[in-house]
Amino acid sequence: MAVCVGAIGAVAAWVLQWLIAVITNLAFYQQWSSAHTTPQGHALGYWVIGVPVVGALIIGLMARFGSEKIRGHGIPEALEAILLGRSRIQLKVALLKPVSAAISIGTGGPFGAEGPIIMTGGAFGSLFAQRFHLSAAERKTLLVAGAAAGMAAVFSAPVAAVLLAVELLLFEWKPRSFIPVVIAAAVAATLRVPLLGSGALFYITPHQALPITGLAFAAGVGVLVGLGSGLFTMLIYAVEDVFLKFPIHWMWWPAMGAMVVGVGGVLDPRVLGTGYETIHGMLRGEVLGASLLALLVAKAVVWSVALGSGTSGGVLAPLLILGGAMGAMLGQWIPVGDVGLWALVGMAAMMGGTMRVPLTAVVFAVELTDDFHLCTALLIGTVCSYAVTVLLMRRSILTEKLARRGHHISCEYSVDPFELARVKDVMDRNPPKVQASLPLHSLIDQLAKGDPMLNSRQATLLVDENEHLSGILTRGDMLRAMGDSGASTRRVSDLGSTDLIVTHPEESLHDALTKMLSRDIGRLPVVEPNEPRRIVGYLGRAALLTARRKLLEEEHIRER
């Protein structure tokens, strides 16, 4: 299935790129062509202001009468489908998302194709999974596999696509999901060669590894870019708050934001479209001085307004431009390396800090440029930016959007303490036991007298004359029996359960808890594996909380 989803993701990436090229040629050059081009060479003059507005109006209509889920930059919508929608995405979203993104980017929207293709690839992966009888976890795996396949095909970056899936979309790192995602990304990257071409997207002449002083400068660049990342994120959501106050339907907001895009295109045409040529120019050190500052300010304003208006488009390409511009500006005063090198460090730092995906950002920068010698510098710069943004903001640019919808999520992974602990670590080694032949009224008398052993648990283990397990009697069993006038004279073995579910001392708490949940029971006798009637303990709900308490103590109690 992952092979099929990977192929679908690659085809979806090709269709999206083709649509963007066709719409760009139609909108800015009035010609039907699928040849790759940019809006920067247009001859529309001031009429260019109307091009993004027309595209935004179409997108507003598609969102209003098609599906509202095509609004935004794609990744939060994919997260929402995974966490809240049991990984189910509708067919109309799979069809409308790439079309709306192509219209947005093709008419000059300052976005990239990565968010839309992640949502589109994920949608087709989900649709494929829905054709079969799969669990929600399996649907999630194929949804994420489709998303990774789309990203791998667009950027020729299969490893970064897999890391993005792990850091942002899967909410786990398990072989059951990791292997299918890798297969899908590998298939998509292979099919990219005949569909979109081979090689790094922004190939540059490789640099030499930086010395220790260069790594120190990389840390400084990362910190400053992290501060810029926090500023840009706050700017976007401040703009979104402004749009929420407008007394008109949200369908018209993208057109209002597109007017700012059009004006920005008049002042600096480089802000229009994906800006891949601008990114490549910065990596080659061709964008310098005041031109960098103008690009940084214009792109930040135009992108923030457009994204805050709720139109369709991705965040990755704009983040690369903003981070590259900041890194290149700082690089002009750094005595180590060249401007293009620091532009690359700034790009990785901006992506890793803003999206909270540091490993993805490092590998993505390397795969985009084939500049493997800068891995250490990229890692240091990205992690410094990541640390700054974590300290500055509670959420990333992606999870903040979900939080505003009332869904607070965390992408931090940790090992489940129930997986680590064993039953023997928390079980009660002196469980309450009574003879199975004991009359019920005798047991009730013991309870009434306040027997500490019997009153401390919600169930009592039943044993035979050899102290071997024969059943279990819960407090609920006794309450039901007390309603029967003749039950008090019966033996406890007649009232308890003899069809027992048991656990073993070496079994993980996770497996024991699974038994409880699947059978809807709250306690388990603990027996020897080779002697299923020899009692060694008792496991109840209270004991399970002991494992969680141990984790809290490790997190919060500092030893002298």
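The values are calculated or read from the model by the stated rules, or taken from the named source; none is laboratory data. Quantities reported herein were computed from a predicted structural model and do not represent experimental measurements. Virtual Cβ from ideal backbone geometry, glycine too; neighbours counted across all protein chains shown.
For the reader, a short list of remarks on this structure follows.
- When each of SER414, SER470 is tested for being small (Gly, Ala, Ser) and at pLDDT 75 or above, the lone residue that passes is SER470.
- Residues (outside any helix (DSSP H, G or I) and on the phi < 0 side of the Ramachandran plot) located in the range 59-108: GLY66, SER67, ARG71, HIS73, GLY85, ARG88, ILE89, GLN90, THR107
- Checking LEU398, LEU359, LEU392 one by one, the residue that is touching an Asp or Glu at 6+ places or on another chain (Cβ under 8 Å) and under 21 Å from GLY323 (Cα atoms) is LEU359 and no other.
- Test: residue in the range 54-65 that is among the basic types (Lys, Arg), in contact (Cβ under 8 Å) with a residue 40 or more places away in the chain and either within 18 Å of TRP250 (Cβ to Cβ) or not assigned by TED's automatic domain parsing to the domain that holds PHE171 (or both): yes
- Only one of the numbered conditions (1) at pLDDT 90 or above; (2) touching a Ser or Thr at 6+ places or on another chain (Cβ under 7 Å) is violated by ALA200, and that is (1).
- Scanning the range 484-499 for residues that are touching a Ser or Thr at 6+ places or on another chain (Cβ under 7 Å) and modelled with pLDDT of 75 or more, we see that the one that is surrounded by the fewest Cβ atoms within 10 Å (Cβ to Cβ) is THR498.
- Residue within the range 401-419 that is aromatic (Phe, Trp, Tyr), in contact (Cβ under 8 Å) with a residue 24 or more places away in the chain and in contact with a helix residue (DSSP H, G or I) (Cβ under 8 Å, 6 or more places away or on another chain) present: yes
- Qualifying residue in the range 288-298 (condition: crowded, with 21+ Cβ neighbours inside 10 Å, within 26 Å of the chain's Cα centre (by Cα) and modelled with pLDDT of 90 or more): no
- The criterion of being polar (S, T, N, Q) and more than 15 Å from ILE472 (Cβ to Cβ) does not hold for THR503.
- Taking the range 183-193 as the range and being surrounded by fewer than 22 Cβ atoms within 10 Å (Cβ to Cβ) and either outside the structural domain of MET282 (by TED's automatic domain parsing) or of a type in the set (Val, Ile, Thr) (or both) as the test, the residues that pass are ILE183, THR190, VAL193.
- Every residue from the range 447-464 that is more than 20 Å from VAL502 (Cβ to Cβ) and at pLDDT 70 or above: LEU447, ALA448, LYS449
- Note on the range 305-323: residues that are in contact with an Asp or Glu (Cβ under 9 Å, 6 or more places away or on another chain) and over 25 Å from ASP371 (Cβ atoms) total 4.
- From VAL263, VAL242, VAL271, residue being surrounded by fewer than 23 Cβ atoms within 10 Å (Cβ to Cβ), within 30 Å of the chain's Cα centre (by Cα) and either under 25 Å from ILE334 (Cβ atoms) or not basic (Lys, Arg) (or both): VAL242
- Every pair of residues 6+ apart whose Cβ atoms lie under 7 Å, when the first sits in the range 427-447 and is without any contact (Cβ under 8 Å) to a residue 40 or more places away in the chain while the second is exposed (fewer than 15 other Cβ atoms within 10 Å of the Cβ) and not basic (Lys, Arg): LEU447/ASN455
- Candidate set from the range 404-423 (those that are surrounded by fewer than 16 Cβ atoms within 10 Å (Cβ to Cβ) and part of a helix (DSSP H, G or I)); member that is nearest to the chain's Cα centre (by Cα): ARG404
- Scanning the range 8-41 for residues that are touching a helix residue (DSSP H, G or I) at 6+ places or on another chain (Cβ under 6 Å), under 21 Å from GLY197 (Cα atoms) and surrounded by 16 or more Cβ atoms within 10 Å (Cβ to Cβ) yields a total of 13.
- Cβ-Cβ distances below 8 Å connect the following pairs, each with a first residue in the range 131-158 that is assigned by TED's automatic domain parsing to the domain that holds GLY112, a second residue that is aromatic (Phe, Trp, Tyr), and a separation of six or more residues or different chains: LEU142/PHE128; GLY146/PHE124; GLY146/PHE128; ALA153/TRP14; PHE155/PHE364; ALA157/PHE364.
- Taken together, the residues in the range 272-306 that are touching a residue at least 60 places away in the same chain (Cβ under 8 Å) and under 20 Å from SER385 (Cβ atoms) amount to 7.
- The listed residues are ALA542, ALA512, and the only one of them that is touching a residue at least 40 places away in the same chain (Cβ under 8 Å) and either part of a helix (DSSP H, G or I) or not basic (Lys, Arg) (or both) turns out to be ALA512.
- Any chance LEU164 is outside any loop (DSSP other than H, G, I, E, B) and touching a residue at least 24 places away in the same chain (Cβ under 8 Å): yes
- Top-ranked residue of the range 213-239 - restricted to ones that are among the polar types (S, T, N, Q) and either out of contact with any helix residue (DSSP H, G or I) (no Cβ under 7 Å at 6 or more places or on another chain) or more than 16 Å from ALA328 (Cα to Cα) (or both), ranked as surrounded by the fewest Cβ atoms within 10 Å (Cβ to Cβ): THR213
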